[in-house]
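Comments concern the structure below.
The values are calculated or read from the model by the stated rules, or taken from the named source; none is laboratory data. Note that the structure is predicted; figures quoted are calculated from it, not measured. Note: ideal-geometry Cβ built from the backbone for every residue, glycine included; neighbour counts use all protein chains shown. Heavy atoms of the whole protein, side chains included, go into the accessibility calculation; ligands, DNA and RNA do not. Shrake-Rupley method; radii C 1.70, N 1.55, O 1.52, S 1.80 Å.
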Amino acid sequence: MQILFFSLIPVGIIILIFSIKLVKKTFSGNIILEIPYSQKSSEFIINQAGIYSIWHRGQYFRKAPVGEFKPEIINKSTGTKIRLYSSLFRPNSNDGRTARMELFRFSIQPGEYFLNLTEGSSISGIEKSLINLLPAKNADPAKYFIQIRESQSRFTLLAVIIFIVLSGFCIIGGAVIGILANQIFNS
């Protein structure tokens, strides 16, 4: 009986490795466009339909001006705006000197588009209030960038979270129940 429960440990490790690979895809999608915040507008081309995201990148431990702009994406040929969805959980990444955070996600078809940074706010009022409480310096606009990246769907991110929890249960549960199996099942 112990062997059966101990065999859950490698299953959990395989699920964890699979989950980590999916998480990496969320954070390291190809960059389609990167512009400095001061540029305010740029044209870009999408070659493949899919899920894309808007990230901001800047100096670590600086106040980003996310409360000062709202991005909009406009189809060049039709003039229609692409609907942007606020990012769930706001995935972020840093290397100790620069940090990036996902702001929005959107689904888009192949074509030519404009990215415009218009007046408004990319964050909620609560987030804006919390940022204003931070004692950090403001970000240098010359070192603050907006990116459009390839991304994964929200459901993929939720599935990854579920898989990570499942792998934890398999690894820890398999070890604990495997050790205690003789006591549990022979009493």
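In the range 1-26, what count of residues is obtained for those that are open to solvent by 50 Å² or more (accessible area, probe 1.4 Å) and within 20 Å of the chain's Cα centre (by Cα)?
Of all residues in the range 1-26, those open to solvent by 50 Å² or more (accessible area, probe 1.4 Å) come to 1-4, 6-8, 10-11, 13-14, 16-18, 20-21, 24-25.
Next cut, within 20 Å of the chain's Cα centre (by Cα) only: 16-18, 20-21, 24-25.
Adding up the residues that qualify gives 7.
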Those residues that are polar (S, T, N, Q) and open to solvent by 30 Å² or more (accessible area, probe 1.4 Å), I need them from the range 122-139; list them, please. Ser124, Ser129, Asn132, Asn138
How many residues of the range 124-156 are in contact with a helix residue (DSSP H, G or I) (Cβ under 8 Å, 6 or more places away or on another chain) and either assigned to a helix (DSSP H, G or I) or of a type in the set (S, T, N, Q) (or both)? The answer is 5
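Yes or no: Glu119 open to solvent by 40 Å² or more (accessible area, probe 1.4 Å), in contact with a Phe, Trp or Tyr (Cβ under 8 Å, 6 or more places away or on another chain), within 18 Å of Glu34 (Cα to Cα) and charged (D, E, K, R)? Step through it out loud before you land on a result.
On the way: open to solvent by 40 Å² or more (accessible area, probe 1.4 Å): yes; in contact with a Phe, Trp or Tyr (Cβ under 8 Å, 6 or more places away or on another chain): yes; within 18 Å of Glu34 (Cα to Cα): no; charged (D, E, K, R): yes.
For Glu119, the condition - open to solvent by 40 Å² or more (accessible area, probe 1.4 Å), in contact with a Phe, Trp or Tyr (Cβ under 8 Å, 6 or more places away or on another chain), within 18 Å of Glu34 (Cα to Cα) and charged (D, E, K, R) - is not met.
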Given (1) of a type in the set (Lys, Arg); (2) at pLDDT below 85; (3) within 30 Å of Asp140 (Cβ to Cβ), Lys25 misses just (3)
Quick one: in the range 69-123, which of the residues that are among the hydroxyl-bearing types (Ser, Thr, Tyr) and in a strand (DSSP E or B) is nearest to Thr26 (Cα to Cα)? Ser93
